[in-house]
Amino acid sequence: MKILAFAGSTSSTSINKKLVKFVLKDFQDADISLIDLNDFDMPVFSVDREKKGFPDEAHRFLKHIEECGAIICSLAEHNRSYTAAFKNIFDWASRINVKVFQDKPMFLMSTSPGGYGGGNVMNTAKTFFPQFGADVQDTFSLPKFYENFDLESGIINPEMLEEVKDKIANFRNRIKTNPDK
């Protein structure tokens, strides 16, 4: 199974990317494509720019989704919503293919330094993404990243570690039993 993974952030120190990398350790038997949103830099979407054509980066982003069997992502939250970088990529891609996520099974995550763990962006995405072809299988939100995550060990809160491990196992089982997804 080929898994596409990314963090919805362009920060070089993204805590969401750290969470994605931690979860990917449980998918070592998969063909993993971990992409960086910095590689999809595009002009800010507008209908005027759209009339001039679509950026190659938007097509490349969609190609990554097309070639995978499942998606693992963790969304950063800026002002209670998606980061501007992710939203821009999403806007361009959705104008090419409204089903951006192409009916792929997705494990959707978020984390933040605060106690809500990116809950605002998570709530938006888990209701909004299915309208754009995401088959959201499960979600996980990690609050208080710097208290609950160690750079070497990963998630150190025992209850949260058990929760994410259960969700990873369930996601793995679902994508194995539905390899065509």
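The values are calculated or read from the model by the stated rules, or taken from the named source; none is laboratory data. Everything numeric in this text was worked out from a predicted model, so none of it was measured. So basically every Cβ, Gly included, is an ideal-geometry build from the backbone, and we count neighbours across all protein chains shown. Side chains included, ligands, DNA and RNA excluded: accessible areas come from the protein's heavy atoms. Shrake-Rupley method; radii C 1.70, N 1.55, O 1.52, S 1.80 Å.
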Which of the aspartates and glutamates could be linked to Lys2 by a straight reach, that is with a Cα gap under 17 Å, when you skip same-chain ones fewer than 8 residues away?
-> Asp26, Asp29, Asp31, Asp36, Glu66, Glu67, Asp103, Asp135, Asp180
Using 0.36 nm per residue, how much length does the chain from Asn38 to Glu159 gain when fully extended, once their Cα-Cα distance is taken away?
-> 40.2 nm
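Determine the calculated [θ] at 222 nm for the chain from helices alone, applying -39500 (n - 2.57) to every DSSP H run no shorter than 4 residues and normalising by the residue count; nearest 500 deg cm²/dmol.
-12000 deg cm²/dmol
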For the chain, give the magnitude of the charge dipole about the Cα centre (Cβ charges: +1 Lys/Arg, -1 Asp/Glu; no others), in debye to the nearest 20.
-> 360
Projected convex hull area of region 68-175, Cα atoms, direction-averaged, in nm², equals 7.0
Any idea how far apart Lys52 and Asn97 come out in nm if each label point goes 7 Å out from Cα toward Cβ?
-> 2.5
Whole-Å distance, taken between Cα centres, linking region 82-118 and region 129-181 | 15
Which percent of Cα-Cα pairs in the chain sits in each 10 Å bin, short to long?
-> 10, 39, 37, 12, 2, 0
Other-chain or far-sequence residues with amide H under 5 Å of Lys99's (modelled H) | none
For labels at Asn170 and Ser11 in the simple 7 Å Cα→Cβ model, what's the distance in nm?
-> 2.8
Glu67 paired with Leu24, simple spin-label distance in nm, labels 7 Å along Cα-to-beta-carbon = 1.4
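Mind running the shape call on region 115-181? Use the C-alpha gyration tensor, a ≥ b ≥ c as the square roots of the eigenvalues: rounded below 1.5 for a/c, prolate if a/b tops b/c, oblate otherwise.
Since a/c reaches 1.5 but b/c is at least a/b, the shape of region 115-181 is classed as oblate.
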Checked region 26-117 with the C-alpha gyration tensor, a ≥ b ≥ c its square-rooted eigenvalues, rounded below a/c of 1.5, otherwise prolate if a/b is larger than b/c and oblate if not; verdict oblate
Which whole-Hz couplings ³J(HN,Hα) result when phi for each residue of region 105-113 is put into the Karplus expression 6.51 cos²θ - 1.76 cosθ + 1.60, θ = phi - 60°, listed in order with x for Gly and Pro?
-> x, 10, 9, 9, 9, 7, 8, 7, x
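Quick one: which of Lys25/Lys144; Lys104/Lys144; Lys63/Lys165; Lys51/Lys126 span more than 24 angstrom between C-alpha atoms?
Result: Lys104/Lys144; Lys63/Lys165; Lys51/Lys126 exceed 24 Å.
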Taking every Cα atom in region 98-141, find the radius of gyration and the maximum pairwise distance Dmax, and write them in Å.
-> 10.9, 33
May I ask you to give the percent of accessible area on region 85-181 that is carbon plus sulfur, with a probe radius of 1.4 Å?
-> 47
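Regarding region 56-101, what's the average projected area of the Cα-atom convex hull, expressed in nm²?
Mean projected area of the Cα convex hull: 3.4 nm².
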